[in-house]
Amino acid sequence: MTKFVRTGVLLLLAFLAGWAAQTYWLKGKSTGKPATHGHGSGAYANNANGSAFSANYANAVQGKDQEPKMVAWSADSALGKILASTKGGARTLAIAGLVSQTPVDNLGALIDQARFCNDDTARQSLLDMAYAKWATADPGQALAFARTAATKRFDKDSGPLAQVLSTWAGHDPQAALAAAQSVDLISLRQDGIRSVLAAWGAGPNPQAAIDAAKGLNLGNQLSPALNAIYSSWAENNPTAAFGALDQIENINTRNSLSGSILQTMADQDPRGALTLLEGLPAGAQNTPPYPVNFIFSRLTQQNPQAAVTALSELPGGLMHERAVTCIADDWADSDPQGALAWANSLSNPTDRDTALSNAIRHMSGNDPSDAAAQLKNIPDVNQRNQAMNEVLSHWVDSDPAAALQWAQKNTTGNAQTMAMSQIVNNVASTDPLGALAIVQQMGDTTNHNSLVFQTINSWSQSDPAAALAWVGTNLSGTEQTTATNLALRQLINVDPTAGANYVSSLPDGANRNNLINQVVASMAHTDTDGALAWISSAQNVDEATRNSAIQNVMNNLGQVDPSAAAAKLSTLNIDTSTPAGQNAFSNMAGQIAASWADSDPTAALNWAANLTGAARQNAMSTTLTTVANSDPASAWNIVMSMSPNDPAQQGLIGSVANSWARTDPASATNLLGSLNPAQLVNTVGTLSNSWLRDDPQAASQWINTLPTSPARDVAVQNLINTQGQYDLSAGMAWAGTISSDTGQTRAYSTLISQAARRDPAAAQAALDANPNLSDAQRQTLTNLIQNTPQLNQNQNAPPGYHWEFDNNNNRRLVPD
């Protein structure tokens, strides 16, 4: 909703600014004189269309740009001149005027020219306005441009694509949704669909957006799509959005949506939001994002006494506890004495401790000395120490000497250890030598070394070289080694080359190997080739360390530019004749393919198919798993098009089937007809295992339709493993349908061992009642009952309760 409204504001602003700017800039035209004010020398009259452009910009927008271009930022550009001559609101109006006057066909060139502007705010304003205008006038061309920009190596910004689709959805949501569905890259397509649905949900007919989302084959993306719609709807009409939740079948999604809606509603009508919250089932009341927090924060900000009255209506429990915390926090921010008085008046000890602790913590921001004096009133030691840490954190910022004096005088034992640690940590951020002096004053206490290390770590974040120098002069032995490593890790982050030189001088060993990996990982962020060259030439590095470091570099490159990482993989100095080298190469191939598949699955798959061995298997599996998460049918078709002699096919069938089974198991059953017997066994096992976890009833009905076969046997065994213990007789009947004696015995054993742990008599009765067992099976199962240890259902159970056990023999208390 926010983005949708922002887009409309941008369009209106651009129109008004364009009208104002054109009127202003062309005033001189009627007199035959050039305009001498406003944008000065950068403005001139374009006689062809009556619009005013900077000369620099006019030269840059020849023709219709079809895709983004790498255009270096120029301070002499139209936007540059605006930045040089305007500020604040005048600057925003000038940018809007520039966008308004730019022909639609030239918006791509304007975006290119502004993309690398060094003023983030101005650049983003121009991009937002330009894309909003383009998406309104020619959404198809705007989308094509934004789609290309999202994967250009110099850009990689998917925000404009979502903005174009949101703007489009504002006036034609059906067309925008169709366009979003046609986006070729999975991740962009998913983001685009959510953007359209969110904008649709903000419009006059959010129900149509919900219906459209349900009509799409979104699989596990349905929940985020519905969340986008309801969130937008709630911005306009939270009560209506809340009332429409009954059409959401997934309880987790429904609970999450209700929390988000009530959070939005709390800003305008916290009391109404509380009424709706109290009407929810207990499980939904305490689901993130915890609407009770927002409701009581807003109530307290409006009127603390009204919040206290509302609190009295809540029963005890988690929601009540959260409300107490929120009242104390927000009341103490505006009236700490009032919050303390209320906290001390509470009769419930738990509420009083919670309210006191939070009120004192919040009042410490304004008066840490008074807050410290109140700490003794918190009876719970853990809450008191947590509050003390926050009080000292604020106090050290304003008066470290007073905070230190208080801690030394008023704390002992663990509390003093915590207090000194908090003080030293805060002082170290601005005065590390002062912090070390405090530690030295404490003498050789039990936490002396930890405080020194804590200070060195903080110091190293701002000046690692100075910290290293101090450590080398003032410490020795293991303390010096530990502190050196802390400082060195920070040095590696800020100056990888200096860190690399230091690490190279260290003696061989595990410590040096770990630091080598950190050096390479840090170097890789700015210089991939340099990082690879350094690790390849480093002396006295074992194979495992070298391979691990190379993987760090390649994984980083693969996330930024997977096609470049794929090209570089074949050039690496990896000894694939060893198992360790083969494993490293395979892991890198899989990581590259996974990153590449997010942006260009076709290219990733073509590359993976040309690899060999384990690397090929790993790369193809990660690629197809990514595809299958959003389009399992396409992934399946790719796998089945492979040669049956391809050794990778069997593993890939399992990967795709598993992904499909997680999102839409009923549809996944349609793929079984194209499998050979061996493939069928594995795939039915994967599918049934996943489906039984999510919907055991539907899965059981499907298993019952399968013809007798080894594949059905696997599915039945999965059913028994997950569901058989709930009904022993039904489980025994299922086990009897397994076609092999070995499989039957295994299934019977699962059922009887579960039953025997809870109730050996019931297990024996089920065994005696089954006439279909062979003598050997009956004897095996009888021995199993006799040798199975029992779980005591009443052991440690409170009066009136006993334990019940699930299929994994996990216990839960239930009433007698």
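If I ask for residues that are farther than 21 Å from Ala668 by Cβ and within 23 Å of the chain's Cα centre (by Cα), which ones from the range 196-223 would you list?
Residues satisfying the conditions are Val196, Leu197, Ala198, Ala199, Ala213.
Within the range 105-145, can you find the residues that are in contact with a Phe, Trp or Tyr (Cβ under 6 Å, 6 or more places away or on another chain), hydrophobic (A, V, I, L, M, F, W, C) and part of a helix (DSSP H, G or I)?
Within the range 105-145, Leu107, Ala135, Ala142 meet the criteria.
Any residue in the range 758-779 that is open to solvent by less than 30 Å² (accessible area, probe 1.4 Å) sitting within a Cβ distance under 8 Å of a residue that is of a type in the set (Gly, Ala, Ser)? List the pairs, counting only those 6 or more apart or interchain.
Close Cβ pairs satisfying both conditions: Ala763/Ala755; Ala763/Ala756; Ala766/Ser729; Ala766/Ala755; Asn770/Gly736.
Does Ala355 satisfy being out of contact with any Gly (no Cβ under 9 Å at 6 or more places or on another chain), closer than 16 Å to Gln416 by Cβ and crowded, with 20+ Cβ neighbours inside 10 Å?
no
Residues to consider are Val520, Val471, Val494, Val452; find the one that is open to solvent by less than 60 Å² (accessible area, probe 1.4 Å) and modelled with pLDDT under 85.
Criteria check complete, one pass: Val520.
What pairs can you find where one residue is in the range 570-588 and within 12 Å of Glu543 (Cα to Cα), the other is part of a helix (DSSP H, G or I) and of a type in the set (Ser, Thr, Tyr), and their Cβ atoms are less than 8 Å apart, with a gap of 6+ or different chains?
Here the result reads Asn573/Ser536; Ala584/Ser548, each pair linking the range 570-588 to a residue that is part of a helix (DSSP H, G or I) and of a type in the set (Ser, Thr, Tyr).
Can you tell me which residues in the range 546-575 are over 30 Å from the mean Cα position of the chain (by Cα) and among the β-branched types (Val, Ile, Thr)?
Answer for the range 546-575, where residues must be over 30 Å from the mean Cα position of the chain (by Cα) and among the β-branched types (Val, Ile, Thr): Thr571, Ile574.
Residue by residue through the range 392-416, note down the ones that are open to solvent by 50 Å² or more (accessible area, probe 1.4 Å) and either assigned to a helix (DSSP H, G or I) or small (Gly, Ala, Ser) (or both).
Passing the criteria: His394, Asp397, Ser398, Pro400, Ala401, Gln405, Gln408, Lys409, Asn410, Gly413, Asn414, Gln416.
Taking the range 542-564 on its own, how many of its residues are of a type outside the set (Ser, Thr, Tyr) and open to solvent by 20 Å² or more (accessible area, probe 1.4 Å)?
Qualifying residue count for the region: 11.
Taking Ser347 and the conditions (1) in a loop (DSSP other than H, G, I, E, B); (2) within 30 Å of Thr417 (Cβ to Cβ), which numbered condition does it fall short on, given that it satisfies the others?
That leaves (2) as the condition not met.
With the condition kept exactly as written, say whether any residue in the range 357-372 is free of Cβ contacts under 8 Å to residues at least 24 places away in the same chain, assigned to a helix (DSSP H, G or I) and basic (Lys, Arg).
Checked the range 357-372: no residue is free of Cβ contacts under 8 Å to residues at least 24 places away in the same chain, assigned to a helix (DSSP H, G or I) and basic (Lys, Arg).
Every residue, every condition in (1) open to solvent by 30 Å² or more (accessible area, probe 1.4 Å); (2) part of a helix (DSSP H, G or I), yes or no:
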residue: Ile703; (1), (2): no, yes
residue: Pro707; (1), (2): yes, no
residue: Ala711; (1), (2): no, yes
residue: Gln717; (1), (2): no, yes
residue: Ala730; (1), (2): yes, yes
residue: Ala733; (1), (2): yes, yes
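On the basis of being crowded, with 19+ Cβ neighbours inside 10 Å and hydrophobic (A, V, I, L, M, F, W, C), does Ala198 make the cut?
yes
Output yes when any residue across the range 649-662 is crowded, with 18+ Cβ neighbours inside 10 Å and in a loop (DSSP other than H, G, I, E, B), and no when none is.
Within the range 649-662, none of the residues are crowded, with 18+ Cβ neighbours inside 10 Å and in a loop (DSSP other than H, G, I, E, B).
From the residues in the range 148-191 that are touching a helix residue (DSSP H, G or I) at 6+ places or on another chain (Cβ under 6 Å), of a type outside the set (A, V, I, L, M, F, W, C) and closer than 18 Å to Lys214 by Cβ, which one is least open to solvent (accessible area, probe 1.4 Å)?
Pro173
Within the group Ala614, Ala678, Ala603, Ala593, which residue is buried (at least 23 other Cβ atoms within 10 Å of the Cβ), in a helix (DSSP H, G or I) and not charged (D, E, K, R)? First the steps, then the outcome.
Numbers: Ala614 fails: buried (at least 23 other Cβ atoms within 10 Å of the Cβ); Ala678 fails: buried (at least 23 other Cβ atoms within 10 Å of the Cβ); Ala603 fails: buried (at least 23 other Cβ atoms within 10 Å of the Cβ).
Within the list Ala614, Ala678, Ala603, Ala593, the selection yields Ala593.
Considering each residue of the range 305-330, count those that are touching a Ser or Thr at 6+ places or on another chain (Cβ under 8 Å) and open to solvent by 20 Å² or more (accessible area, probe 1.4 Å), and give that number.
Count: 4.
Which members of the range 278-302 meet the condition of being more than 13 Å from Ala266 (Cα to Cα), touching a helix residue (DSSP H, G or I) at 6+ places or on another chain (Cβ under 9 Å) and surrounded by fewer than 16 Cβ atoms within 10 Å (Cβ to Cβ)?
Of everything in the range 278-302, those that are more than 13 Å from Ala266 (Cα to Cα), touching a helix residue (DSSP H, G or I) at 6+ places or on another chain (Cβ under 9 Å) and surrounded by fewer than 16 Cβ atoms within 10 Å (Cβ to Cβ) turn out to be Glu278, Pro281, Ala282, Gly283, Pro288.
Is it the case that Asp246 is over 24 Å from the mean Cα position of the chain (by Cα) and open to solvent by 10 Å² or more (accessible area, probe 1.4 Å)?
It is true that Asp246 is over 24 Å from the mean Cα position of the chain (by Cα) and open to solvent by 10 Å² or more (accessible area, probe 1.4 Å).
Identify, from the list Ser476, Ser458, Ser505, the residue that is closer than 22 Å to His394 by Cβ and either at pLDDT 85 or above or surrounded by fewer than 16 Cβ atoms within 10 Å (Cβ to Cβ) (or both).
From the options Ser476, Ser458, Ser505, the qualifying one is Ser458.
Can you pull out the residues in the range 202-212 that are buried (at least 24 other Cβ atoms within 10 Å of the Cβ) and assigned to a helix (DSSP H, G or I)?
Listed by number, the list holds a single entry, Ala209.
Which numbered condition trips up Thr325, out of (1) more than 17 Å from Asn293 (Cβ to Cβ); (2) in contact with a Phe, Trp or Tyr (Cβ under 9 Å, 6 or more places away or on another chain); (3) of a type in the set (S, T, N, Q)?
(1)
Show the residue pairs meeting these rules: Cβ distance below 6 Å; 6+ apart or different chains; first residue within the range 518-539 and in contact (Cβ under 8 Å) with a residue 12 or more places away in the chain and in a helix (DSSP H, G or I); second residue polar (S, T, N, Q) and open to solvent by 60 Å² or more (accessible area, probe 1.4 Å).
Ser522/Asn493; Ser536/Asn573
Is it fair to say Ile638 is part of a helix (DSSP H, G or I), open to solvent by 40 Å² or more (accessible area, probe 1.4 Å) and among the aliphatic types (A, V, I, L, M)?
yes
Quick check on the range 623-634. Is at least one of its residues in contact (Cβ under 8 Å) with a residue 40 or more places away in the chain and open to solvent by 40 Å² or more (accessible area, probe 1.4 Å)?
yes
If you go through the range 78-105 one residue at a time, how many are open to solvent by 20 Å² or more (accessible area, probe 1.4 Å), polar (S, T, N, Q) and closer than 21 Å to Pro139 by Cβ?
Total meeting the criteria: 1.
The values are calculated or read from the model by the stated rules, or taken from the named source; none is laboratory data. Just so we're clear, the structure is a prediction, and the values are computed from it rather than from any experiment. Backbone-built Cβ (ideal geometry, glycine too); neighbour counts: all protein chains shown. The protein model used for the area step is the full one, side chains on, heavy atoms only, and it has no ligands, DNA or RNA in it. Shrake-Rupley method; radii C 1.70, N 1.55, O 1.52, S 1.80 Å.
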